[in-house]
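One structure below.
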Amino acid sequence: MQTQPRSPLKVFQSLFQRKTVRQPISGFNYEQLIAYREEGLVRLQIKSVSKRFDSRRGKTLALQDITFDVASGEFVCLLGPSGCGKSTLLNIIAGLETPDTGQVLLDKRAITAPGRDRVVMFQESALFPWLNVRDNVAFGLATAGMSRSEQYDRADHFLRLVHLGSFEKAYVHELSGGMKQRVALARALALDPDVLLMDEPFAALDAQTRDLLHAELQEIWAETAKTVIFITHNVREALVLGDRVIVMTARPGRIKRDFRSNLPRPRYIEDHALVDAARDVLSDLREEVLAAAEEETKREKLAA
Ligand SMILES: Nc1ncnc2c1ncn2[C@@H]1O[C@H](COP(=O)(O)OP(=O)(O)OP(=O)(O)O)[C@@H](O)[C@H]1O
Ligand SMILES: [Mg+2]
């Protein structure tokens with residue numbers, strides 16, 4: 001609870017003033033995270049997960065035989081064409097959906113329902129407009145048996161971590177889109193989950209705000225060592241953030257490629273090595289986006 005976040009100005013400076021010598025992120029503990037992985041401290045195990053939806057339009061096989069492990073403290077990004085089952089997989093990990101076959105284990109225990117050990121963050125921040133910023137962040141803490149002042153201390157700590165320390169009295173309509181997502185992130189972190197599940201959390205933001213949040217999220221992740229699953233359509237975003245980028249196939253979603261990235265951190269969206277890696281991942285993704293588009297055209301023809 002003693003972390004002193006860097007000022008937004010410093011984050012901006014590190015983002016926009018390129019340094020000749022790369023500075024490590026303050027408090028960054030990448031070696032520890034690598035050690036966790038090498039020790040095989042597996043947090044999540046996704047085992048042969050398949051999911052089918054039956055609706056009036058027919059049956060949809062959304063996921064087919066998805067298997068992968070996620071180490072403690074690992075940052076995994078999921079990429080894939082629209083409709084390939086990314087959100088479905090995240091919802092299964094969250095315990096909001098159940099798989100038809102297979103299972104997901106968290107610390108070797110099967111996930112059967114939502115729990116405090118996992119928090120989901122969506123594209124829309126889902127904040128309560130009738131509560132101020134601090135009360136939004138403190139909201140989930142009442143059930144954790146904390147006193148009001150403990151809740152507020154904790155809320156304020158995480159608001160400072162996302163650089164919104166002076167906005168605790170503001171209401172949601174007074175915030176920009178980027179600020180709302182920061183509040184949502186502070187709220188998620190305040191609950192101290194083992195696993196943070198993020199479904200395109202920055203997709204609705206402008207490019208500059210997104211760049212800033214990438215820098216902040218890398219810092220926060222390094223300081224909190226959370227295990228993160230992050231869905232995005234943006235290949236470079238995936239490579240800025242992820243230790244791993246998992247590319248899924250067109251529906252039914254399967255794993256096409258599990259790309260491990262050792263690019264040095266902190267990373268920037270325009271780094272040469274990152275752009276090269278992005279080109280490589282993008283060619284895999286494009287094949288699947290094309291396959292999904294062809295499938296959609298076939299469906300339309302059949303329906304006509
Ligand atoms: N509750 C549901 N009932 C019926 N079909 C569903 C349901 N939820 C998802 N699907 C279908 O499952 C498939 C996967 O959906 P999902 O939302 O997981 O895709 P996604 O990869 O997250 O897509 P996007 O990138 O557009 O968010 C889609 O074909 C979708 O129509
Ligand atoms: Mg989705």
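Shape class of region 83-209 from the Cα gyration tensor (axes a ≥ b ≥ c, square roots of the eigenvalues): oblate, since a/c reaches 1.5 or more and a/b does not exceed b/c.
Net charge dipole, region 157-260: roughly 400 debye, given to the nearest 20, about the Cα centre with Cβ charges of +1 for Lys and Arg and -1 for Asp and Glu. Per-residue 3J(HN,Hα) values for region 288-300, derived from phi via the Karplus relation 6.51 cos²θ - 1.76 cosθ + 1.60 with θ = phi - 60°, read 6, 5, 5, 4, 5, 5, 4, 4, 5, 4, 4, 4, 4 Hz in sequence order (x marks Gly and Pro). Which one, T297, F230, H272, is farthest towards the positive end of the dipole of the chain when Lys and Arg carry +1 and Asp and Glu -1 on their Cβ? Ranked along the dipole, the leading option is T297. Distance between the modelled labels on A203 and R160, one decimal in nanometres: 3.5 nm (7 Å Cα→Cβ projection). Rg over Rh for the chain works out to 0.97, using Cα positions for both radii and the Kirkwood form for Rh. Exposure proxy ranking for F75, F259, based on other Cβ atoms within 10 angstrom of each Cβ and starting from the fewest, stands as F259, F75. Distance between the pseudo-spin-label points of R286 and E124 (7 Å out from Cα toward the beta carbon): 3.4 nm. Result for the chain in a Gaussian network model with C-alpha springs under 10 Å: among H214, H173, H233, the largest mean-square fluctuation is at H173. Across the chain, the mean sequence separation of Cα contacts (distance under 8 Å, 6 or more residues apart), normalised by length, yields a relative contact order of 24 percent. Seen from every direction in turn and averaged, the convex hull around the alpha carbons of region 194-256 projects onto 4.7 nm². Amide H to amide H, with H built 1.01 Å from N, V162 comes under 5 Å of no residue 5 or more places away or on another chain. Think of each Lys and Arg Cβ as +1 and each Asp and Glu Cβ as -1; about the Cα centre, that makes the dipole of the chain roughly 280 debye. Summarising the amide proton neighbourhood of L63: residues at separation of 5 or more, or on other chains, whose placed amide H is nearer than 5 Å comprise K51, G253. Computed from backbone phi, the HN-Hα couplings of region 176-187 come to 6, x, x, 5, 4, 5, 5, 4, 4, 5, 4, 4 Hz, rounded to whole numbers (Karplus: 6.51 cos²θ - 1.76 cosθ + 1.60, θ = phi - 60°; Gly and Pro given as x).
Anisotropy class assigned to region 102-170 is prolate, per the alpha carbon gyration tensor with a/c at or over the 1.5 cut-off and a/b larger than b/c.
Going through the cross-link list K59/K298; K59/K301; K47/K86; K86/K256; K86/K301; K108/K226, which pairs have a Cα-Cα distance over 21 Å in this structure? Those over the limit are K86/K301. Per-residue Cβ neighbour counts within 10 Å put W221, W130 in the sequence W130, W221, beginning with the fewest. Projecting the alpha carbon convex hull of region 158-304 along each direction and taking the average yields 11.0 nm².
Nearest 20 debye, what's the magnitude of the dipole of region 215-285 about its Cα centre given +1 on Lys and Arg Cβ and -1 on Asp and Glu Cβ?
In total the dipole reaches around 420 debye.
Here's how it looks for T101: its modeled amide H is under 5 Å from those of S50, which are all 5 or more places away or on a different chain.
Bear in mind these aren't lab numbers, they're just calculated from the coordinates by the rules spelled out. This structure is a prediction, so every number in the text was calculated from the model and none was measured. Neighbour counts run over all protein chains shown; Cβ positions are idealised from the backbone, glycine included.
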